[in-house]
Amino acid sequence: MSPSPRAEEAKAATRRRILDAAVDVFSRLGYHQAAVDEIVRESGTSKGAIYFHFPSKESIFFAVVEEFAGLLERRIDQAIGERRGAVHRVTAAVEVALETLSRHRKLAKIFLVDAVGLGPPFAQRVLAVHERFTGLVQRYLDQAVAEGDLEPQDTALAATVWFGALNELLLRWVLDEKAGPEVLQAQIPALTTLLLRSVGR
């Protein structure tokens, strides 16, 4: 007998509470210092509930990273769908990524700071997210070249450079606890101008 819709909703709500609590705990304590018991307290659930949804602390962390990547992709896909022309779409991706991260500082800190240096399994997950974003940028740069909006060039390298610039800007912002979202948002126009110049626009 399959679970009732109400039971499924309750299960999803519990999982959501666990992940929301994990974001707070990981961003406050870091991965190594964060304990499952702390996530239990923060989420108002039980250790049994946590291990029902996630077999380990590592799996909770991976789920948080995937949530982060999924959130970015959904926002970027929506923004791209509202723009015409490959150049406008790729700049929309950059703008929306920064806007989204400026409003989710805790997730940005987990991804940019806490997930670094945690060993091969974590590095592979982070690299996969990097590749998803650089791949998206490269696709639209390729399209812009095909449409004649950009000169032929090494779009894979250009996408990597774009990602590196975004990563550095975000990292500096995350580490400066006095800098609010408006500080990052104010840098978006200048950054997109510089990135477009780097590909000949």
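Two decimals is fine: what's Rg over Rh for region 141-201, C-alpha atoms, Kirkwood radius as Rh?
Dividing the radius of gyration by the Kirkwood radius yields 1.08.
Give me D for region 1-55 in µm² s⁻¹, whole number, from Stokes-Einstein with Rh from the Kirkwood sum over alpha-carbon pairs, 10 °C and 1.306 mPa s. Roughly 136 µm²/s, to the nearest whole number. Dipole size of the chain about its Cα centre, with +1 on Lys/Arg Cβ and -1 on Asp/Glu Cβ: approximately 440 debye, rounded to the nearest 20.
Between region 124-201 and region 47-100, the alpha-carbon centres lie 16 Å apart. Each residue of region 11-27 was assigned a 3J(HN,Hα) from its phi angle through the Karplus curve 6.51 cos²θ - 1.76 cosθ + 1.60 (θ = phi - 60°); the sequence is 5, 5, 5, 5, 4, 5, 4, 5, 5, 4, 5, 4, 4, 5, 5, 5, 6 Hz, with glycine and proline shown as x. Close amide-amide hydrogen proximity is noted between Leu150 and Val145, each under 5 Å apart and 5 or more residues distant or on a separate chain (H modeled in the peptide plane; Pro and chain starts excluded). Placing pseudo-labels 7 Å out from each Cα toward the beta carbon at Arg74 and Phe62 gives an inter-label distance of 2.2 nm.
Quick note on the chain: its Rg to Rh ratio, both from C-alpha atoms and Rh being the Kirkwood radius, is 1.03.
We did not get these values from a lab; they are worked out from the coordinates using the rules stated. This one's a predicted model, so the numbers in the text were calculated from it and none came from an experiment. Using ideal geometry, Cβ is built from the backbone for each residue, glycine included, and neighbour counts are taken over all protein chains shown.
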